[in-house]
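Presented below is the structure to which this report refers.
The values are calculated or read from the model by the stated rules, or taken from the named source; none is laboratory data. On a predicted model such as this, the values are computed, not experimentally measured, just so you know. Cβ: placed from backbone, ideal geometry, glycine included. Neighbour counts: every protein chain shown.
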Amino acid sequence: MDVEVFTHTVPPGEEAFDLSHAGGEHEAFEDLAHQLADLTGYHHIDPRIRGERIDTQTAHWGLQIDRLIDAYLNYRSRDSGDGMPDISDQVLSGVDASFSINEIELIDTFSKSETCSHLRPLPSHQYPNETLIYYGYIGCAPMYPSVAISLRTLAAYRQSHRTCPRFSIQSQCKTLCYLHDIPYRPYLKMQFSAAYDIFLEILHRINQHLRQALKRDTVNWRMLNTCPACFYKLDDEPALNFEWLVSIDGNNSLKRWNSSIYGTTARSDSRTAHSDYWIYADAVDKFENEVKSRQTDLRNDDDWEDEPTDPDHPGAFTCINRWRNTGPDSRKKMFAVFQESGIFIASCRHRFVLLVCDMI
């Protein structure tokens, strides 16, 4: 059987350091490294922390998000079938050729090139990313992008991540580097992540507009319409004893370590995920004392006389004393090293997930 030689080719930037029998290469490399380290120059140090940089970037994206949505819808209407828009020469004929976006690196799945004068903004464009979206790209920065990624590359990664959640952004960036035959650098992940975040935000805003037009933006609409068998009713349908059955259970396998265990500080991020599946911590914390108050009331209000039970038929609720989740807090054993101990889900009898919350 023939073995493909390209499967054994080392990716760019991961080649080994060749050493000869004569020696001396490693010493020469160390001398060169020390000489480069001794070179002096100017280096700008950003005094802001990560949370401040994210807040500033989010605010700049928020100023132009409505215009980016319109540009994206226009791009989709001109999709030529391969994920790239159809550029009309009649539209660009009245555009001044002296105004164009230059010095921006365009990244596509199978190509990487510098911009030319053909990326000319329309008179209605106010931001560089409007022009980039018009041509099928989106920048990695809100105001002064130096790198832009094609929308079809972001859309392809979105579908790949949906089918394989373990396929991370770092893996996608390494894939693009191998296709373009360049070494992988950690900053590429940050650039791709910034473009992917605003791409998802645009899709979320468009989905919100669709839900409002279809009258599907009411509270708990998705939960009450997820399962047709449970929630959809026919005319003159007889009522059931239980309209729908729901199962709830927790999963202790999805744990997250508390950053204080290692003496580190969690990175601050004011952004929140958009989902109508999840119940967030502030909504769950409203009921943190409900179980304790109920247990106190039951212990104080136990003045009735219990009826004797048949020894051959024990009580139906003896499992309460054995079930760990219903016991007092002193009996619940959960390691304090975890910030999140798992997730808790609610699903109907037809296996549709209704709600999810973190176990904190």
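For the stretch 18-44, the candidate set comprises residues that are of a type in the set (A, V, I, L, M) and at pLDDT 75 or above; within that set, the residue that is farthest from the chain's Cα centre (by Cα) is 28. Among the residues of the stretch 214-259, the one identified as outside any loop (DSSP other than H, G, I, E, B), among the basic types (Lys, Arg) and in contact with a Phe, Trp or Tyr (Cβ under 7 Å, 6 or more places away or on another chain) is 256.
Note on the stretch 55-85: residues that are surrounded by fewer than 11 Cβ atoms within 10 Å (Cβ to Cβ) and not in a helix (DSSP H, G or I) total 3. Put simply, of 103, 15, 52 the only residue that is assigned to a helix (DSSP H, G or I) and either modelled with pLDDT under 85 or of a type in the set (Asp, Glu) (or both) is 52.
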